[in-house]
Amino acid sequence: MSPQISMKLVPALLLAVFSGGASASGFQLLEQGSGLGNAYAGSAAKSNDASTVYWNPAGMTQLQGRAVSGGLTAVKTSFKFNDQGSQVGEFGPAGPLGAGNGGDAGGWGFIPNAYLSWALSKDLYVGLGIGAPFGLTTKYDDPWRGSAQSNEFDIKTLNINPSIAFRVNEVVSLGAGLNWQKISAEYYRQVAISSSARFGALPRVRSHMSIDDDAWGWNIGALFTLSPATKVGLSYRSTIQYHTDGKVKLNSDGSPAGNLTASALSTAGGASKVKADLEVPDTFILSVSQKLSDRWELLGDVSWTGWSSIKNVDIYRTSGPQSGALAQTLDANFQNTYRVALGANYTLSEALKLQFGLAYDQTPVKNATSRLTSLPDNDRTWFTIGAQWKPAKEQTLELGLAYLYVKDPSIYKNETTANPLTNRGTVIGDYDASVWIMGAQYSLAF
């Protein structure tokens, strides 16, 4: 294998690891380092370990000369659809696309992270972070009533974040970073074929769309040490604009009718190269860390995410007889959101600290008519606990557990058209939804 091919494979292999069900609202992943036990409250102010590279690079000035941190988070999402009169087009409720509620569209996701901070001098630090700020996986049992809209949707990201920090004085520290980010998306659905088609049997043809791109962004932060007991952090991460490209292809069920249908649809423009523009949102965080006593510490967080950067995701064909035509629109129409988190730490002993957290996380989804079957999201309330154990002065092991109560998302997604090729029916109902998160983080300073 040539070195050039090897270097191209590295991001692809890493990207396969950095995925998971969305734990925060939309398809954002907050699992970027320590703090799960506090619901990530105080994320831009606490600067306890090298994961501050992500939350607020200015926090590196609070660390020892060298610090490393790495962790793994497991996310278990659950989205169970309850039908309330969905209309699946010409197939009817007993047709091949009309049976079943799709089982549990959630599942397990695993999100690793790794960070390094290095002091070049007393006041100048550099760092490097690797993580996954966005990710989403939903997968329905096949067949189900909404399979013409989505059977499986999978977004993965990989973010590499070199950073620098400078201590201006004993009160003020500043930090900044660049972000190289790669995104990959896979989208599967059933192609809606009219039951009056000329093929003797009702075929099952599956559409598979894959797109990817990489792009650059940036982040900045400031940390104010107002007293030995009080720290305030500000952090901003920019939007990242993607110009993805990829392909859509059709796979039949293997039957003669299915093979004939897939061939006819490909000739009609059902399979081709595609492109789509996507701008992932910017985020702003204001955090406070306040020691109340020798044993109690209070953490607070208010964050804003600019989800309105994602309105309609238009997917265009770039090859074949319909080159330049609109293949599909994902009508998300997201709105900006706020997240508020409150956390507390109780020092039980020199080696053991207990963590508690509560947070409220708004959804970017405006209402039932704009909710996608691929993203059955709603407002979330976080309940978290955790523990921080120091087996030695330079080492810290942190464990966290979170339960996210998700307000039952309702959906009324109408994608009915007169054209059998684009008719995806109307999905009507609601979801029983919840999220569990378990995480571990190990940090070392020397």
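Setting aside same-chain residues fewer than 8 positions from K249, which lysines have a Cα under 18 Å from its Cα?
Excluding near neighbours in sequence, the set is K273, K275.
Which of the trypsin sites (Lys or Arg not before Pro) across region 376-446 are loop residues per DSSP, with 15 or fewer other Cβ within 10 Å?
When the trypsin sites (Lys or Arg not before Pro) of region 376-446 are filtered for loop state and at most 15 Cβ neighbours within 10 Å, K393, K407 remain.
Given a Förster distance of 22 Å, report the FRET efficiency between S227 and L348 from their Cβ-Cβ distance, rounded to the nearest 0.05.
Computed FRET efficiency for S227 and L348: 0.35.
Could you pull out every one of the lysines with an alpha carbon less than 26 Å from that of K231, ignoring same-chain neighbours closer than 8 positions?
Within the straight-line limit of under 26 Å, K231 reaches these lysines: K46, K122, K291, K353, K390, K393.
Which of E186, E415, E170 has the fewest other C-beta atoms within 10 Å, and how do the rest follow up to the most?
By the 10 Å Cβ count, ascending, the order reads E170, E186, E415.
Which value in nm describes the separation of the simple spin-label points at T239 and F284, placed 7 Å from the Cα toward the beta carbon?
Distance between the two pseudo-spin positions: 1.4 nm.
Taking K and R as +1 and D and E as -1, what net charge do the other residues with C-beta under 12 Å from the C-beta of R317 add up to?
Surrounding charge for R317 is +1.
With a sphere of radius 12 Å drawn around the Cβ of T157, what net charge do the other residues whose Cβ falls strictly inside it have (Lys, Arg +1; Asp, Glu -1)?
Values: positive: K156, K182; negative: D154, D212, D213, D214.
Result for the local shell: -2.
Rank the residues Y442, Y405, Y188, Y431 as a footprinting-exposure proxy: fewest other Cβ atoms within 10 Å of their Cβ go first. Working shown, then result.
Working: Y442 15, Y405 12, Y188 20, Y431 25.
Ordered by Cβ neighbours within 10 Å, fewest first: Y405, Y442, Y188, Y431.
In nm, to one decimal, how far is the Y405 label point from the L120 one, both placed 7 Å along Cα→Cβ?
Rounded to a tenth, the inter-label distance reads 4.9 nm.
Excluding Q441 itself, what net charge comes from residues whose Cβ is under 11 Å from its Cβ, given Lys and Arg +1 and Asp and Glu -1? Can you show the working numbers first?
Working: positive: none; negative: E31, D49, E398.
In short, -3.
Laboratory data are not the source of any read-out in this text; all were calculated from the coordinates shown. Every value quoted in this text rests on a predicted model; they were computed, and no experiment measured them. Here the Cβ is made from the backbone with ideal geometry for all residues, glycine too, and neighbour counts use every protein chain on show.
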